[in-house]
Amino acid sequence: MSIIEEGSSRKKTKSVYVSTVISIALVLLMTGLLGLIMVHAKNLSRYVKENIVLNVIVNDNVNEGDVLALQKDLDRNKHVLRTEYISKELAAKNLKEDLGEDFVEYLGHNPLLPSIDVYMNEAYANNDSIQAFITQVSRNSRINEIVYQENLIDMVNQNIRVIGIVVLAFAAILLIIAVALINNTIRLAIYSQRFLIKSMQLIGATKGFIRRPYILYGIVHGLIGSLIAILLLLLTLHFAQQQVPELVFLRDWLEFIFIFVAVVILGILISGASTYFAVTKYLRAKSSSLYR
């Protein structure tokens, strides 16, 4: 009879541990997904800012050698990420494709001026920095004018700021929820062991001796749960990139690895700490309160 009861108790304990690991994995999965969303949002913000273009229109009487020299000067500017030279012929070709007709043949000449498309570094992709850049380079006599969409830049920066605040607030709320859910799951698992904990204490086992195996189990469960969560995150990333191939441009494996490490640390810390406090609660409890 005792063997049957012991076997039943072991099955019950295993099922509790399995459900604990699954619960930890699902909570860490949600946390990791939010981390991936934050990384993609940050990379999208950088991608958008670094693709804001300033059209530096060059005077018509400037030869191509001087234009290329100007391009090199712009490339050395700290505000600039990269530049692209657009000759009169290339500008006419691009406009012809946009209009769907050959306007040069209609006009009899090419009225377009050569230009240099300037893409700003992320840190300088705002109107204040752009104005400072324009003031600096406009002194060059080879430049006719600099054209950019000021309202678009304001809108982009404002939207990115709002999205960043919303994502950070959501991350803080989800982190609190994750801690609470993992803590409650572990407390329920330890609750099923409360009589064993108290029995060990009554026969003279020290608090440290009782806590040690439970905390070790808690750390192992947190580690297993975090590894399961990381596996699911990798599958989610793979599926998302198959559905939206453009996400490849926002991929940064170094940041992804940082998130995976954070998930492991979070799982171990929360699980270990929750186990410690849950076991301590029943070590301090009176025997009569265990039946409540």
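The values are calculated or read from the model by the stated rules, or taken from the named source; none is laboratory data. Note that the structure is a prediction, hence the values are computed from the model and not measured. Note: ideal-geometry Cβ built from the backbone for every residue, glycine included; neighbour counts use all protein chains shown. For accessibility, only protein heavy atoms count, side chains too; no ligands or nucleic acids. Shrake-Rupley method; radii C 1.70, N 1.55, O 1.52, S 1.80 Å.
Screening the range 101-206 for helices (runs of 4 or more DSSP H) wholly inside it with 2 or more residues that are closer than 25 Å to A91 by Cβ and modelled with pLDDT under 80 returns the ranges 103-107, 150-191. Scanning the range 134-144 for residues that are more than 14 Å from V53 (Cα to Cα) and out of contact with any helix residue (DSSP H, G or I) (no Cβ under 6 Å at 6 or more places or on another chain) gives T135, Q136, V137, S138, R139, N140, S141, I143, N144. Number of residues in the range 151-202 that are under 19 Å from the mean Cα position of the chain (by Cα) and not hydrophobic (A, V, I, L, M, F, W, C) equals 4. Note on the range 49-94: among residues that are part of a helix (DSSP H, G or I) and more than 19 Å from L113 (Cβ to Cβ), the one that is most open to solvent (accessible area, probe 1.4 Å) is K72. Six or more apart or on different chains, Cβ atoms under 9 Å: show the pairs whose first residue is in the range 63-74 and at positive phi and whose second is assigned to a helix (DSSP H, G or I). That search, which allows pairs on different chains as well, returns nothing. When M155 is tested against (1) within 22 Å of I270 (Cβ to Cβ); (2) open to solvent by 60 Å² or more (accessible area, probe 1.4 Å), only condition (1) is not met.
Taken as a whole, the structure leaves S271 outside the set of residues that are modelled with pLDDT under 85 and either in a helix (DSSP H, G or I) or over 30 Å from K207 (Cα atoms) (or both). Can you find even one residue in the range 41-48 that is touching a helix residue (DSSP H, G or I) at 6+ places or on another chain (Cβ under 8 Å) and assigned to a loop (DSSP other than H, G, I, E, B)? Taking every residue of the range 41-48 in turn, none turns out to be touching a helix residue (DSSP H, G or I) at 6+ places or on another chain (Cβ under 8 Å) and assigned to a loop (DSSP other than H, G, I, E, B). What residue, of F260, F277, is among the aromatic types (F, W, Y) and either open to solvent by less than 20 Å² (accessible area, probe 1.4 Å) or under 17 Å from the mean Cα position of the chain (by Cα) (or both)? Unique residue meeting the criteria: F260. Would the range 217-227 turn up any residue that is open to solvent by less than 40 Å² (accessible area, probe 1.4 Å), touching a helix residue (DSSP H, G or I) at 6+ places or on another chain (Cβ under 6 Å) and over 14 Å from L26 (Cβ atoms)? Scanning the range 217-227 turns up at least one residue that is open to solvent by less than 40 Å² (accessible area, probe 1.4 Å), touching a helix residue (DSSP H, G or I) at 6+ places or on another chain (Cβ under 6 Å) and over 14 Å from L26 (Cβ atoms).
Against the list (1) more than 22 Å from N43 (Cβ to Cβ); (2) open to solvent by less than 60 Å² (accessible area, probe 1.4 Å); (3) free of Cβ contacts under 8 Å to residues at least 40 places away in the same chain, the condition Q241 fails is (1).
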